[in-house]
Structures are given as structure tokens and as C-alpha cells.
1. Which one of B:GLN227, B:PHE59, B:ALA332 is farthest out on the positive end of the charge dipole of the protein assembly as shown, using unit charges on Cβ (Lys, Arg +1; Asp, Glu -1) and the Cα centre as origin?
2. Could you list the square roots of 5 times each eigenvalue of the Cα gyration tensor of the range B:21-80, that is, the equivalent ellipsoid semi-axes, sorted largest first and rounded to whole Å?
3. In square nanometres and to one decimal, what's the mean projected area of the convex hull around the Cα atoms of chain B?
4. How many lysine pairs in chain B, separated by 8 or more positions in sequence or lying on different chains, have Cα atoms less than 16 Å apart?
5. So which trypsin sites (Lys or Arg not before Pro) in the range B:59-102 are both in a DSSP loop and have at most 16 other Cβ atoms within 10 Å of their Cβ?
6. Cα centroids of the range A:154-191 and the range A:6-70: how far apart, whole angstrom?
7. Any number yet on Rg/Rh for the protein assembly as shown, C-alpha, Kirkwood?
8. Dividing the Cα convex hull volume of the range B:235-304 by residue count, how many Å³ per residue is that?
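The values are calculated or read from the model by the stated rules, or taken from the named source; none is laboratory data. None of the values given here were measured: they were computed from a predicted structure. All Cβ positions, even for glycine, are placed from backbone atoms using ideal geometry, and neighbour counts span all protein chains on display. Just the protein is used for accessible areas: all its heavy atoms, side chains included, with ligands, DNA and RNA removed. Shrake-Rupley method; radii C 1.70, N 1.55, O 1.52, S 1.80 Å.
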Amino acid sequence: MTETKDNIIVVKDLYKFFGDVKALNGVNLEVGRGSVVVVIGPSGSGKSTMLRCINWLEKPTSGEIWIDGKLMTSAPKQLNETRAEIGMVFQLFNLFPHLTAMENVTLAQKVVRGRSKEEAKEIAMQQLERVGIPEKADAYPRKLSGGQQQRVAIARSLAMNPKIMLFDEPTSALDPEMIKEVLDVMLDLASEGMTMVCVSHEMGFTRSAADEIIFMDEGLIVEHTTPDGLFNNPQHDRTKLFLSQILQH
Amino acid sequence: MADKPLIPTGPLEIEDGGISFSKRLNEFPWWFVAIILIAIWVFLIIFTKEFLFNISSEFTNVLNADQVTEQLQAEFAANDITLSSNAKITIKDADKKWEIEDGRTNYFIYAEDQSLEVFSWGEYGQAFDFIKIGLKVTIQTALTAYGFALILGLIAGLGRLSSNMFFNNLARLYVELIRGIPILVLIFFIALVGVPAVVDGLNAFGVWLSDKGVAPLAAVFTAFNNQNISMNARAIVALSVTYGAYLAEIFRAGIQSIEHGQMEAARSLGMSYPQAMLHIILPQAVRNVLPALGNDFVAMVKDSSLVSVLAVRDITQVSRLYAGSTFRFREAYVTLATMYLTMTVLLSLLVQALERRLRSND
């Protein structure tokens, strides 16, 4: 094992092609334990694909991904075990509509972690309280607002006690007034020392929570720096252009 | 509970009401009312006793004594009815009500003021009485076959979506093979060729096993015998295998209708593919396809009539027997058609109610 212990995620020479479309063109990335990394970039730049490759929702065309010192492979058992350690929050929430908020949060705990019904419920309630909606435990997703659904989705991931949380544009499908409630939860998480990789264009969140920021374009990491460095001193023309476009309003 | 708009929309509401009334009139299912009325009418005919003739009240004692006397026989003969001497008389209510059971025909005798009135089931009633014997077989066949078809269909449906090349092709082969052959031909083929072939195969396997010295297990396989497998069982196998292929397509469509994000969310939590299928995808998919599954059950009840070609005594076969032996084709087939119609209409109502409930839950 050549990986240093501090890097909980190591991505090496990651390529991903969808037919002729080259979504990722050799991405290299190291994420330290407990750090918050925000990924920005224009649409189609491969941000989401990279995130989805990290927990193997997309199988890489080539390259290596190491999670907590273990190389990810397609072997089902190891894959399931590793995925349980990586929480993923989706743009469209992907709550299970046939289950209540509580059941959404308890199901994987019971099925994957093998926890008892009571234990799972207790942990689920803690997580629902943490995201601020314990009173919605018995509500079905369709009765919840977008912001509430996303917070249940975060609780669902957190209940598995993951080592890493991946956020794939968690606020881009939300009405403006609901964005804050989700970002607040994410800020809390960041301050508690969770390792987070977020694809997000919420610049306020990026400024206050991100340790590192990555700018991607055309399947490559163009710039990997601190938020300060990016906003005040972008190195590449492509980055400058992108920032000028998203920050001018 | 629809919320009333805060601002009253007067003229619009009046127009709305007008539209909805004529719309309701246009959309009202008159055809359905007609079907129900036809069914009720036929059942009234079936269940109304037909008045035959009067006999003298002198026979009260004879009937009470449970005796078929020559006088009684003569009285019946005078009305062109042969009453056999070993007909059985049941006293329903002494001095008032009797029932005579003579072979396939039942006579009902009621005491009136001065005489006794003799009734019998009308010809439709007799036909119904005879045909209803097959109801149990029809219902049993349809329910059992549907149960097996559900299991087969689910497995084949999952197989069609499997990334495993072997299972995928096997499932595809099964579905295409079955859907390309008429059901009637399949029933003949499976019952008279398929089942015997499988049984022979199992027997041969049993013999092979006993040669290898695994006697207890071998006994299980050699226990099958083609002569022991009834036509009813073969009919159930044939219908199950046939409908399994149809249900497979329903399950496949249902599973595919679930957003891909559901599977991704489940897998991202560490669930295996089977776990995600069982806990996340299937509950939603089955709920979506319940109406389609219900419709196929109705279709299967109708198609169960085809097993009559195997001489399985379902209502169709029994009707054919009745018609063949009495030449009362009209009575036999009107009754049969009404029985199927009643079953399918009731089942369709159930499916519709289920559909409405599912929709109101969304």
C-alpha cells in the first residue's frame, strides 16, 4: 500500500468515456481526511461523473480509486461495503417514495448494517433531529417540500455513519428559499469534521466551508486551490471566464 | 378536499357546472349498466321456477309418506313427465312443501288452497344447476395458474433486465417463444408433449441417481408418473407457463418505469442489487403494475375456458357436456356466457376500484 494515511480519497488517472463522449480525461485527486472539497465548473465538465465514479455508480473506463486505503473494484461484496462508507446526496433527492421519512432513514441501516429495528429507529431520529425535521418522521416524501426532502436524504446517508459524504448539486433543484436550510445542514457537517466532496455553485457555502476548491473543464481538473486563491487570484483564463460569468450577478 | 379559491369566480363557476353536467352525461358508462342489466335479466330467468301443472291435494299424504305411487306417476304422465319409481321425495315442510329429486330434474311441490302446484327449474335453471358443477374447477384452475404465473413472470421479468447474458437470453427466449404461439396450441403442446417430456426427463434423472447410489433422492424423481398427472394439473401448468410470459413483460415494464435514481440511491447506501430490487424497486413497480396484473387475471379467467380441450371439467367443458346430452345449446351457452360475463365484470370492477385507490394515494 503506497497511499498515505491522510488521504481518504485518492483518484489516479481516472478516465470515463460514454461511447465517443470523453467525460473524464485523466483526473488525479487527493482528498485529505476531514477536508471539504468543492467542485465547480461548467455543465458537461465532468464534475458529476467524477463524483459518481468515486462510489462506482459509474464504472471508470480506466484509472484507480482508493477509498480509505482500499482500491475500489467491481467485486460486489467489497463494493457494497465501501459504498456503505460513502454517503451520496443527489440533485433530485431520490428519496424512496413508498416509504416514510423514518423508513427511508432506517431501511439501509437494517438491511446493510444489520441493526435492530429499535437501534435503527433511534439513530434515524437522531439524524432527523440533526437535520431539523424530527416532526416529519412519519410523513411520506410527497408531503415534504424540496428542502425537507433533501434534508431527509442527508439524514438517510448520515445514518449509515459514513466516512465520506458526496454531494451532487444538492441545492440546484430547490426553490431559492429552501436552499439555506440545506446549506445550513451542510455547514454543520463541515464544521463537525466530515470529509465532504460537493459539486455545488453555492459560492457563499464555498467561501465559508470549503478547504479546497477544484475547477473542472472538459473532463480535467484545471485548477486545484483554496477558495481564497480561486476568488482572488485565479490562474487560468478558463477559470477567470467561468468566475466572471457566475459572479457577475 | 379541494380548496375553494379565495377570490370567487362567479361566471366561470356557472360555466363549469354546465360543462360538468353534460360531460357527466356523456361519460356515464351506459354500456356498463346495460351489461349489468343483461346479467341480472339472465339470472332472473335462471333462478325463476317454472310452473308445470296442478295435481289434486289428495296426494298430500302420499308425499308426506315419501312414496312414489303409481297414481302419482300417472298424474305426472298425464302432463307428459315420466317420474321414475325410485325418485326421492324430501319433505321441506309437512303438508306444504316438498321436493322430488328424479335423476337430474328436481320438482318442487307447493300446497295451494285446493290443489298442489308442481314447479321445476326452468330449462335455464337446469342448465345452470348442471354447469355450476364446473365453477370450482374454473376458479381453482385460474387462481392456481395465476399464482404460478406471477412467480414465473417475476423471475422472467427480472431475467429480461439481468445483465447476465445467460439469464437475459433465457428469459427473452421464453417470452418470445410463448408469445409467438397461440394459447390453444400451447395448451395442447404443454399438456400432451411438454409435461410428459419433463416427467420422462425427471424419471431418467432419478434412475441415473439411483445408479449412482443416491437412492432416497432418486425416489423423489422416479415418483413422478405420467399417468398420475391429471389433466387438471397439466392444464394449470400450461396456463401458468403461458401467462408467465405475458406477466414477465408487465413486470419488466413496471421495473423499467421506476426512475434510475431509485436504484442509484439504494446502491449508494450499500445495498446489493437483490436488496435494492426487493426493498426499493419491486414495491414501487408492483404498485404501478397492479391494474395491469388485474387485467391479465381477468384475461386468464376467460382463457381458462380453453383448458376444456383437455377434457378438464371447467364450466366450458361441463356446458359442452350438457349441450351434447340434452341438445339444449341455447340454454347451455347463454348460461355459460353469462357466468363468464358476471365473473369478468365483477373482477373488472375490483380492478377499477383498486386503480382509483392507487391513484388517490399518489
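1. Toward the positive end, the furthest listed residue is B:GLN227.
2. Values for the range B:21-80, descending: 51, 11, 8 Å.
3. About 32.6 nm², averaged over all directions.
4. Lysine pairs meeting the criterion: 4.
5. Details: sites: B:LYS88, B:LYS92, B:LYS96, B:LYS97; in loops: B:LYS96.
Taking the range B:59-102 and a limit of 16 other Cβ atoms within 10 Å, the loop trypsin sites (Lys or Arg not before Pro) found are B:LYS96.
6. Their Cα centres are 20 Å away from one another.
7. Radius of gyration relative to Kirkwood radius: 1.17.
8. Enclosed volume per residue, from the Cα hull, is 79 Å³.
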